[in-house]
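Notes follow the structure.
The numbers here are math on the coordinates, done by the rules we state, and not lab data. Remember, predicted model here, so these are calculated numbers, not experimental data. Note that we place each Cβ from the backbone using ideal geometry, even for glycine, and neighbour counts take in every protein chain shown.
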Amino acid sequence: MKIRDLVQPASLPRRLLRFSCYKFPCTIKNFAVGFLKAKLKRHQCNICGYRKVEFVYATYVHYFLRCPQCNIYFALNLPNAEKLRQEYIVSNDKEYLQERGEYAIPNWNGWMDWKIQTFKRLKLEEFEKEKGSLRRALEIGCAEGKVLEILKERGWNVIGLDISEYEARLCKKLGFNVIVATADKINFRDESFDLVVMFHTLEHTTNPMLVARNVFNTLKKGGRLVFELPYFLDKKILFEDFSNPGHLYFFSEKGLEKMLRSNGFTYLDKFIYEDQIHKPKCNICYLVEKR
Ligand SMILES: [Zn+2]
């Protein structure tokens, strides 16, 4: 996903904004506005529906709420799906890649090695054998298609989905079929896929519950979902990461499991690991099944 400032004025130099966003993630004014916005209207948790969510923090971009019941943090001023999509389409994609190169994923090859390790760790071989040679996989948030390549190498027939037209073009050059859409607008026929994967995508979506429901519907019975997210064992790191303008949700295990259960998934495996790139941040990876 693109690291873009969703509501910051475009006239200011990006570097300065990025710096200020990181070094001074909260101003008194933003904090006061966020606090009032959260107080004046009753908001409910986007995952469990709990009505007494609390205001916790404000950055230049977002006001963050926390649900005491499932312990997820989410942005109060979520962009709607169309706005999110437009932001990506109008953005300069070359800059996006540069940004990601220098800022979000400094070692793209290293990152992919970790994804290969993730698939190894999930021990999908038995499942893949069972599904035969016509098995189909969908990757939501496929970026330039590195994971699609890994899946293809493992014998999957793959389709990608990404919000960026530019990324889709890159994938098409590699011979992949990619649909340009937001994750909450996936529109495949029900029971189309044996596997859905999402790496570091769900936290960028505006409605993870809807995404989970769509994924459930698009999976065949017995199909599996693999997804990975940033995970914050340390509250200090969590609060620092609030200033990443692309991150709209920060999940807890409790919140994730509630979301999966209420959408009908059965839990198979999960693990938390620290990768070499995002240290000291962690990742949490889930393997779940549609029974
Ligand atoms: Zn909740």
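Shape class of segment 104-193 from the Cα gyration tensor (axes a ≥ b ≥ c, square roots of the eigenvalues): oblate, since a/c reaches 1.5 or more and a/b does not exceed b/c.
Each other residue within a Cβ distance under 12 Å of GLN69 adds +1 if Lys or Arg and -1 if Asp or Glu, for a net charge of +4. Ordered by the count of other Cβ atoms within 10 Å of each Cβ, fewest first, PHE31, PHE74 give PHE31, PHE74. Which entries of LYS129/LYS152; LYS129/LYS258; LYS120/LYS152; LYS131/LYS221 have Cα-Cα distances beyond 21 Å here? Beyond 21 Å: LYS129/LYS258.
As a proxy for reagent exposure, ranking VAL178, VAL288 by other Cβ atoms within 10 Å from fewest up yields VAL178, VAL288.
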